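Following this message is one structure expressed as structure tokens.
The values are calculated or read from the model by the stated rules, or taken from the named source; none is laboratory data. Since this is a predicted model, take the numbers as computed values, not measurements. We place every Cβ from the backbone using ideal geometry, glycine too, and count neighbours over all the protein chains shown.
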Amino acid sequence: MTKPLRILGIESSCDETAAAVVEIDDDNQLTLLSNVVASSANLHVQYGGVVPEIAARSHIESIIPVIDEAISEAHPSTKSDPWDQIDAVAVTYGAGLGGSLLVGVMTARTLAITKNKPLYGINHVEGHVYANFITAASPTLSTVYRLPSTAPKFPILALIVSGGHSQLALFRNHFDYTLLGQTQDDAVGEAFDKVAKIIGLPYPGGPSVGKKALEGDPKAFSLPKARMDGKYDFSFSGLKTAVLRQAQAMIGADYTFPSKNLAGRLSEAQKADIAAVFQRVAIETVVDKTITAYEEFSPASVVIAGGVAASPELRRQLAERLPIEIRYQDPRLCTDNGAMIAALGAFKTQLGQPTADPYSLEIQPNLSM
Ligand code: KG4
Ligand code: ZN
């Protein structure tokens, strides 16, 4: 057995500054050695969404302390330089906010050069999928993770649902996948965030809408599901507008009533019903397509990835409707984190994928799958 490889993952595409160390062994099993996330979400709450300038500034302040903590936690011994144990650096180079990505990529490039480590550029969305391959955690970790007991098996159907992405992809093997469909407008997480804003719940909207929905009736009224030309494409902007119209109607106003004044006029019971109906329909929309794709492609495994994969309602609906058992990842590895970047970096290292040039790796804010 050869010595397992240790990969440092760096993620800064949105409002989380994150770094983690993951180990990959001969059998390609991934073990989490550290996972540090500093979020600037609290700084964006008053604006109801991420402010790119604030996010970028916050990354600059946090990135070195976050990386230091991640590599020290992975290497509790103080006798040697914790950098000695790191075999490669992986960093998100797209998609994401330009200013935010730049901080992570420039830091990773500098570290790869000064510490003399191979560098891997990681597609953020692919990284989300790879979080599902983390099946073990070091006993020295300060928090306990609830990890899936086994890694997914190819072919893998991946439902990727986050604040910036809604995609269905079929992975035949590592680095060999087909994008089946994607959102044509808003991402599902973005719809949660916008609906939260309409009914006066805090950002990020996924968890706050999910919590409010528990008090409401998911069948209180109906909302339309978008019909798309592409079999596996999504659309959520119409659903968000339908929520706005419903809220206006509930207070007896017409469509000219400003959305920013709605929250103050809705009762708590009305907000709860809106949250419950919206959540049911938004989640049903992605689950419907996942089931259709499952029936067409008969994958060996199904995984969910991205921030909305943390949703208990999504987990419940999928478990109810999928004919195979689905293993869910710890919610802290579903929202943005460095471990997912390290996980994909680990497979790239292990399987001899090309490295990035630390003198020229550029950010790609609009990188697609
Ligand atoms: O993957 P992520 O952290 O960042 C992006 O790559 O976009 O996803 C963030 C999104 C936000 O829209 C947030 O509202 C949603 O994930 N989210 C959730 C939950 N936690 C985060 N949505 C539903 N339920 C959750 N528990
Ligand atoms: Zn993400």
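Residues of region 32-46 being touching a Pro at 6+ places or on another chain (Cβ under 8 Å) and either of a type in the set (Val, Ile, Thr) or closer than 15 Å to ILE86 by Cα (or both), which ones?
So in region 32-46, the residues touching a Pro at 6+ places or on another chain (Cβ under 8 Å) come out as 38, 41, 45.
Of everything in region 32-46, just one residue is touching a Pro at 6+ places or on another chain (Cβ under 8 Å) and either of a type in the set (Val, Ile, Thr) or closer than 15 Å to ILE86 by Cα (or both), namely VAL45.
Take the residues in region 98-136 that are outside any helix (DSSP H, G or I) and more than 19 Å from the chain's Cα centre (by Cα), then tell me which one is nearest to ligand 1 (Cβ to nearest atom).
Step by step, filter region 98-136, then rank; the result is TYR120.
Is it the case that GLY181 is among the small types (Gly, Ala, Ser), buried (at least 17 other Cβ atoms within 10 Å of the Cβ) and within 16 Å of ligand 1 (Cβ to nearest atom)? If you could, list the steps in order and put the result at the bottom.
Working: among the small types (Gly, Ala, Ser): yes; buried (at least 17 other Cβ atoms within 10 Å of the Cβ): yes; within 16 Å of ligand 1 (Cβ to nearest atom): no.
When the stated conditions are applied, GLY181 does not pass them.
Give me the residue from region 209-237 that is of a type in the set (Gly, Ala, Ser) and within 23 Å of the chain's Cα centre (by Cα) and, out of that set, nearest to HIS165 (Cα to Cα).
Filtering first and then ranking leaves SER235.
Every residue in region 335-345 that is in a loop (DSSP other than H, G, I, E, B) and away from ligand 1 (no atom under 16 Å from the Cβ), please.
none
Let me ask another. Could you list all residues from region 13-52 that are of a type outside the set (D, E, K, R), farther than 14 Å from GLU73 by Cα, within 14 Å of ligand 1 (Cβ to nearest atom) and in contact with a strand residue (DSSP E or B) (Cβ under 7 Å, 6 or more places away or on another chain)?
Correct list: SER13, THR17, ALA38, SER39.
Among (1) touching a residue at least 60 places away in the same chain (Cβ under 8 Å); (2) touching a strand residue (DSSP E or B) at 6+ places or on another chain (Cβ under 8 Å); (3) within 15 Å of ligand 2 (Cβ to nearest atom), where does SER100 come up short?
It fails just one condition, (2).
Which one of GLU325, GLU313, GLU295 is assigned to a helix (DSSP H, G or I), over 20 Å from the mean Cα position of the chain (by Cα) and not β-branched (Val, Ile, Thr)?
Matching residue, one of GLU325, GLU313, GLU295: GLU295.
Please find, within region 279-297, the residue that is surrounded by the most Cβ atoms within 10 Å (Cβ to Cβ) out of those that are within 13 Å of ligand 1 (Cβ to nearest atom) and closer than 23 Å to HIS124 by Cβ.
Here the answer is ALA282.
Now, a different point. State yes or no: is THR143 assigned to a loop (DSSP other than H, G, I, E, B), modelled with pLDDT under 95 and more than 16 Å from ligand 2 (Cβ to nearest atom)?
Taking the combined requirement at face value, the residue satisfies it.
Follow-up. Which numbered condition in (1) out of contact with any strand residue (DSSP E or B) (no Cβ under 9 Å at 6 or more places or on another chain); (2) assigned to a helix (DSSP H, G or I); (3) of a type outside the set (Ser, Thr, Tyr); (4) modelled with pLDDT of 95 or more is the only one that VAL287 fails?
Of the numbered conditions (1) out of contact with any strand residue (DSSP E or B) (no Cβ under 9 Å at 6 or more places or on another chain); (2) assigned to a helix (DSSP H, G or I); (3) of a type outside the set (Ser, Thr, Tyr); (4) modelled with pLDDT of 95 or more, the odd one out for VAL287 is (1).
For the condition within 16 Å of ligand 1 (Cβ to nearest atom) and surrounded by fewer than 16 Cβ atoms within 10 Å (Cβ to Cβ), what is the one hit in ALA300, ALA319?
After ruling out the rest, the residue left standing is ALA319.
Could you grab me the full set of residues in region 346-361 that are at positive phi and outside any loop (DSSP other than H, G, I, E, B)? Give the derivation first.
Let us first name the residues in region 346-361 that are at positive phi, namely 352.
Result: no residue meets the conditions.
Looking at (1) over 17 Å from VAL302 (Cα atoms); (2) in contact with a strand residue (DSSP E or B) (Cβ under 9 Å, 6 or more places away or on another chain); (3) within 16 Å of ligand 2 (Cβ to nearest atom), which is the one condition that is false for PHE192?
(2)
Kindly check whether there is at least one residue in region 220-237 that is on the phi > 0 side of the Ramachandran plot, surrounded by fewer than 17 Cβ atoms within 10 Å (Cβ to Cβ), out of contact with any strand residue (DSSP E or B) (no Cβ under 9 Å at 6 or more places or on another chain) and part of a loop (DSSP other than H, G, I, E, B).
no
Could you grab me the full set of residues in region 80-97 that are surrounded by fewer than 24 Cβ atoms within 10 Å (Cβ to Cβ) and either polar (S, T, N, Q) or not in a loop (DSSP other than H, G, I, E, B) (or both)?
SER80, PRO82, TRP83, ASP84, GLN85, ALA88, GLY94, listed by residue number.
Something else now. Checking the condition more than 20 Å from the chain's Cα centre (by Cα) and surrounded by 16 or more Cβ atoms within 10 Å (Cβ to Cβ), which residue from PRO155, PRO148, PRO139 passes? Break it down stepwise before answering.
Values: PRO148 fails: more than 20 Å from the chain's Cα centre (by Cα); PRO139 fails: surrounded by 16 or more Cβ atoms within 10 Å (Cβ to Cβ).
Testing whether each residue is more than 20 Å from the chain's Cα centre (by Cα) and surrounded by 16 or more Cβ atoms within 10 Å (Cβ to Cβ) leaves just PRO155.
Considering each of SER58, SER13, SER62 in turn, give the residue that is closer than 23 Å to CYS334 by Cα, within 16 Å of ligand 2 (Cβ to nearest atom) and not acidic (Asp, Glu).
Answer to the selection: SER13.
Return the residues of region 27-73 that are part of a loop (DSSP other than H, G, I, E, B) and modelled with pLDDT of 95 or more; say none if nothing qualifies.
ASP27, ASN28, GLN29
Same structure again: Can you tell me how many residues in region 290-303 are closer than 21 Å to PHE236 by Cα and touching a Lys or Arg at 6+ places or on another chain (Cβ under 8 Å)?
Counting residues in region 290-303 that are closer than 21 Å to PHE236 by Cα and touching a Lys or Arg at 6+ places or on another chain (Cβ under 8 Å) gives 2.
Outside any helix (DSSP H, G or I) and surrounded by fewer than 21 Cβ atoms within 10 Å (Cβ to Cβ): is that true of SER77 in this structure? Walk me through it before giving the result.
Numbers: outside any helix (DSSP H, G or I): yes; surrounded by fewer than 21 Cβ atoms within 10 Å (Cβ to Cβ): yes.
Criteria met by SER77.
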